[in-house]
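Down below is the structure, laid out as structure tokens.
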Amino acid sequence: MDIVALGGGMANTFLLAQGHAIRKSLVEPSLIPECLSIIKKAHKKGCRLMLPMDGVVASSPTSPQHETVLLADPLQADHMILDIGPATIQNICTNIDQVKTLIWKGPVGLAEIPPLIWNPYPSPAHCKTYR
């Protein structure tokens, strides 16, 4: 496996394991040791883990006020990550176009509560037309 792209709550746990301040975002702290182990194993095997670079954040899933932020910057104390941002979508799409085999498990953001579809979710078919 050359590339693993992560999104959603799973990506939040990996981001937290790497020291990012993810505030109120969905996370599984008990899995941080496992995330660190996976990061180490992936690096050793030459597998690139793609974590979100940017994300759509808000104070709650039902908040009408949301913004896209770089995830390298600390989130506001009352914010949570709800979806991946446009730079992350572009990165996923660029890499999907380069692979021979794709295993897809989506969506990558909070899609259970309409209208929480902040971005057009990347999918294999979507990526060909995203650019």
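Computed quantities for the displayed model
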read-out	value
Filtered residues of the stretch 107-131 (kept if modelled with pLDDT of 70 or more and out of contact with any strand residue (DSSP E or B) (no Cβ under 7 Å at 6 or more places or on another chain))	Pro107, Ala111, Glu112
In the stretch 77-112, residue surrounded by the fewest Cβ atoms within 10 Å (Cβ to Cβ) [restricted to those that are part of a helix (DSSP H, G or I) and among the hydroxyl-bearing types (Ser, Thr, Tyr)]	Thr94
Any hit, the stretch 44-54, residues being part of a helix (DSSP H, G or I), modelled with pLDDT of 90 or more, more than 14 Å from the chain's Cα centre (by Cα) and not polar (S, T, N, Q)	yes
Filter pass, Val27 being touching a helix residue (DSSP H, G or I) at 6+ places or on another chain (Cβ under 7 Å), within 22 Å of Ala111 (Cα to Cα), of a type outside the set (S, T, N, Q) and surrounded by 16 or more Cβ atoms within 10 Å (Cβ to Cβ)	yes
Residue that is surrounded by the most Cβ atoms within 10 Å (Cβ to Cβ) [pool: residues in the stretch 55-76 that are touching a Gly at 6+ places or on another chain (Cβ under 9 Å) and not in a strand (DSSP E or B)]	Leu71
Matching residues in the stretch 1-40 - criterion: being touching a residue at least 24 places away in the same chain (Cβ under 8 Å), β-branched (Val, Ile, Thr) and under 18 Å from Ala72 (Cα atoms)	Ile22, Ile39
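The values are calculated or read from the model by the stated rules, or taken from the named source; none is laboratory data. Computed from a predicted structure; not experimentally measured. Cβ sites come from the backbone with ideal geometry, for glycine too, and all protein chains shown count toward neighbours.
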